[in-house]
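Worksheet: one structure, shown below.
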Amino acid sequence: INESLTTFALDFSLSAGVCGCCGALRPRYKRLVDNIFPEDPEDGLVKANMEKLTFYALSAPEKLDRIGAYLSERLSRDVARHRYGYVCIAMEALDQLLMACHCQSINLFVESFLKMVRKLLEADKPNLQILGTNSFVKFANIEEDTPSYHRSYDFFVSRFSEMCHSSYEDPDIRTKIRMAGIKGLQGVVRKTVNDELQANIWDPQHMDKIVPSLLFNLQSGEGTESRSPSPLQASKKEKESPAELTERCFRELLGRAAYGNIKNAVTPVLMHLDNHSLWEGKTFAVRCFKIIMYSIQSQHSHLVIQQLLGHLDANSRSSATVRAGIVEVLLEAAAIAASGSVGPTVLEVFNTLLRHLRLSVDYELTGSYDCTNIGTKIIKEHEERQLQEAVIRTIGSFANTLPTYQRSEVMLFIMGKIPIPGMHPMLHSTGSGPEGNRMIQVMLLKSLRQVTCGFQTTNMLTALPNSFLDPLLSFALLEDAEIRLLVLEILVSLIDRHNNLPKFSTISIISDISVLKLKVDKCSRQDNLFMKKHAQHLYRHIYLCSKEQSSVQPHFEKLYSLLALISMELANEEVVVDLIRVALALQDLALSSEETLPVYNRCAVHALSSAYLNLISQLTTVPAFCQHVHEVIEMRQKESPYLLPEDVFIENPKIPKTLEKLEGELLFQQAKITEVLGGSGYNTERLATPYVPQFTDEDRLSKRKSIGETISLQVEVESRNSPEKEEVNENIKIYNTHRHIWLDSVGVEEQEKERRRQVVEKFQKAPFEEIVAARLISNVSRLSERYVLINLIFSLFLACRPPPSPSGTITSSYGQTQSRSVPVYEMKFPDLCVY
């Protein structure tokens, strides 16, 4: 028995040795795999044997998983033994098999493939990492026929992100590793973004790794500017740079983002810019969001805008440079996104920007603010001013993307935010006072000016309702010259619908206006209605703006532009007549000895009147009118050039120290103009009537047009309860009865102006204690009047019937008993006591 066992063991060992050494006894797939490896790895893959292996895998797909497992085993062994030539051959074989086979068994083969790629990526050698990445990229480009339920790419996201931040000593190898990491992330995105069975690549845990890795490499090539929505025209050398490759990958990632994934893709960008203080430089932040806005689908643009606005709110206590950087990015993003940028919440966007504008004004006034991280921070005024200008430009950029009806709503919305005494609430924040109110008025009017730039509408009546135009015109009478200039710029921008404004940027005497190539359309019915309703308001404010002593050259230039644009955009025959009357009234204003205008202002008003009459005479094409204007201008050029714009509206005005009395041929004659225009069919009766700015019933009873008039309105309202109530009511009745007479009566108008001037002057110049004392006396008199009235009522009541007694009888002071009183419900009360 022992001898038999010994013989069996010997035979088994021999047979085992034969099986281990003899290739013919091994499985066929292993023999085919072994045959692709040459004796010398430098010879590369044996192509003939590789073709046999591929044919075998296609013929017997059930063996594909075993082929993959065996190749993985050999590769792991070669990596451990540092035989990198055979490693490269194994990966090449895997790539070819992966490209050739698309059977249902591919999933098991892929698992072996990904295991080998992971092995290479975990290696310390940069060449192996790059080799594994290239194989993974090839695999990512394959569209699989069958889904995979259990495959995970978490390791690859983490490893490729780590490679993107490589700090290898050799700069060339470092660049290659980073580019491999970028390509790997691109491959992961391609493989998973559209596969619902895979882990969601848009989850924050993945986006927080992918996006910062891309931005890190994009920042390293910041000198390369993003030129267009897709950099297809880049040179070969640029395509090989990490920054250019990163940009393409980032664009591809964003281009695949659906509606619900935009937030997860943009949030890491905001966090990266915060963590690395990249808002202050603006350049890189703007470049990032240009890429984002060009890459995402246009209908999703408003989501990015909303995230930026939310981030601006979150940084409300950050430095002004950070907030200005975010606002600059908003400005660029809005310009790219066009009509889809604002989205459904139009007014919310402008409300956020206006809130930060107001917040910046508060910071500038207080000089500091509390910061949650570093305590109190001192404000740099110039930085806050830069932020305010950036917010104003951004408001204009957003407005340019809106249709006309929405822009009108935004204009009304901004107007409602401007503090106007007696109309809109004033500022109530720390450090705000008169200066705070003025600053916010200026900033909001600048915002309104940006919104109105390029505003064009066919119906001025609906686009500019009373709720907008009345408050706007109220600022034209304020003493602040900057505010008045902003109002004039807004009015000019609103009226200019044919881009004629640049042709009237300066005041000059134009001998032939045909060289200007003006665009003049016939006045529409809507324009006629608008002028019928608002013309007198406009004329009145033009006249009163001209007599302001603080007006300088820009004010007169805008007044000239306003008059010229009204003549071309909104003029019919009646409007032309009224405009000529206004121009002649301006000449009378400059001649008036009652007005305390400086010499410069008088010369400027004369120059304004002459320039406009020169323009309107050529627009009317009445030869006699043109001749008269031309003769006056020629006479002024000879004798009084300081009455013409060429000598007034220059850097060093050539005006005399005192202005002598002007008469005769130096002045435009209203009688002469009325005569020559009457022959052409114009209304001579209206032309012969000098223009005087009127206070209409709308002006008296509606919202007032300036701070002074607001005070006057408050005084009039309060006076209704004072002893002078009957006198005020009587004046109002007389006014309503004789309104048509008052409109042409200069004397009554002068009395009215004087009364209003005294009231306004009292509130502007009288000491505060005197005003308070006067109010107290008025209150006491009103109270005494009420006590007298109450006593009168009670005396009448007692005289009518004594009050009932609980006992049924009453006893007089003389001890006499009177008859039983009448029940209360039968008593007769005076009319004053009955409701």
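List of remarks:
- Contour excess over end-to-end distance, with Cα ends at Phe155 and Thr321 and 0.36 nm allotted per residue: 55.9 nm
- Between Glu62 and Asp95, the C-beta separation translates, for a Förster distance of 25 Å, into a calculated FRET efficiency of about 0.70.
- Charged neighbours of Arg159, selected by a Cβ distance under 15 Å, balance to +4 (K, R count +1; D, E count -1).
- Mean accessible surface per residue for the range 24-146, computed with a 1.4 Å probe while every protein chain stays in place, in Å²: 51
- Mean Cβ neighbour count within 10 Å, used as a protection proxy, ranking 317-327, 281-291 highest first: 317-327, 281-291
- Under-5 Å amide H pairs with Ala257, H placed in peptide plane, nonlocal only: none
- Positive minus negative residues near Gly132 (Lys, Arg vs Asp, Glu; Cβ under 14 Å): +2
- In this label model, Asp172 and Asp203 are separated by 4.1 nm, measuring between points 7 Å along each Cα→Cβ vector.
- R0 of 60 Å, Cβ-Cβ distance Lys533-Ala243: FRET efficiency to nearest 0.05: 0.50
- Backbone phi angles across the range 120-135, fed through the Karplus curve with coefficients 6.51, -1.76 and 1.60 (θ = phi - 60°), yield HN-Hα couplings of 5, 5, 7, 5, 7, 6, x, 5, 5, 4, 5, 4, x, 5, 4, 5 Hz in residue order; Gly and Pro are listed as x.
- Cα-based shape type of the range 489-566, given that a ≥ b ≥ c are square roots of the gyration tensor eigenvalues and the cut on a/c is 1.5: oblate
- If the segment from His382 to Ser298 were pulled out straight at 0.36 nm per residue, it would be longer than the present Cα-Cα gap by 26.6 nm.
- Normalised per residue, the volume of the convex hull around the Cα set of the range 24-146 (Å³): 98
- The residues neighbouring Gln307, those whose beta-carbon lies less than 15 Å from its own, together hold a net charge of -3 under the Lys/Arg +1, Asp/Glu -1 convention.
- For the range 24-146, the relative contact order works out to 24 percent when only alpha carbon pairs closer than 8 Å and six or more residues apart are counted.
- Gyration tensor (alpha-carbon) shape descriptor, the range 21-71, a/c threshold 1.5: oblate
- Between Ile793 and Tyr259, the distance separating the two model label sites (each 7 Å from Cα on the Cα→Cβ line) works out to 6.5 nm.
- In plain terms, the chain from Met635 to Glu389 could stretch by 83.9 nm, reckoned as 0.36 nm per residue minus the Cα-Cα distance.
- Sequence-distant residues sharing a close amide H with Asn200 (under 5 Å, placed H): none
- Accessible area per residue was computed with a 1.4 Å probe on protein heavy atoms; Glu389 scores about 70 Å².
- Ordering Ile142, Ala90, Asn35 by the projection of their Cα atoms onto the charge dipole of the range 24-146, which places +1 on the Cβ of Lys and Arg and -1 on the Cβ of Asp and Glu, puts Asn35 at the extreme positive end.
- For the range 165-179, 3J(HN,Hα) per residue [Karplus equation, 6.51 cos²θ - 1.76 cosθ + 1.60, θ = phi - 60°, Hz, x = Gly/Pro]: 9, 4, 10, 4, 5, 6, x, 5, 5, 4, 5, 5, 5, 5, 5
- Ligands, DNA and RNA aside, Asp527 has an accessible area near 10 Å² when probed at 1.4 Å.
- Applied to the range 633-640, the Karplus parametrisation 6.51 cos²θ - 1.76 cosθ + 1.60 on θ = phi - 60° returns per-residue 3J(HN,Hα) values of 5, 4, 5, 5, 4, 7, 9, 9 Hz, with x for Gly and Pro.
- Percent accessible area from carbon and sulfur atoms, the range 24-146, protein chains only, probe 1.4 Å: 47
- Modelled label reach - Thr404, point 7 Å along Cα→Cβ, the range 503-535 residues with backbone N closer than 15 Å: 521-530
- Each label point was placed 7 Å from the Cα along the Cα-to-Cβ direction; for Glu573 and Asn683 their separation is 1.0 nm.
- Sorted peptide list for 556-568, 156-168, 116-128, criterion being average Cβ within 10 angstrom, highest first: 556-568, 156-168, 116-128
The values are calculated or read from the model by the stated rules, or taken from the named source; none is laboratory data. What you see is a predicted model; the values in this text were computed from it and never measured. All Cβ positions, even for glycine, are placed from backbone atoms using ideal geometry, and neighbour counts span all protein chains on display. Just so you know, the surface numbers come from the protein's heavy atoms only, side chains and all, with ligands and any DNA or RNA stripped out. Shrake-Rupley method; radii C 1.70, N 1.55, O 1.52, S 1.80 Å.
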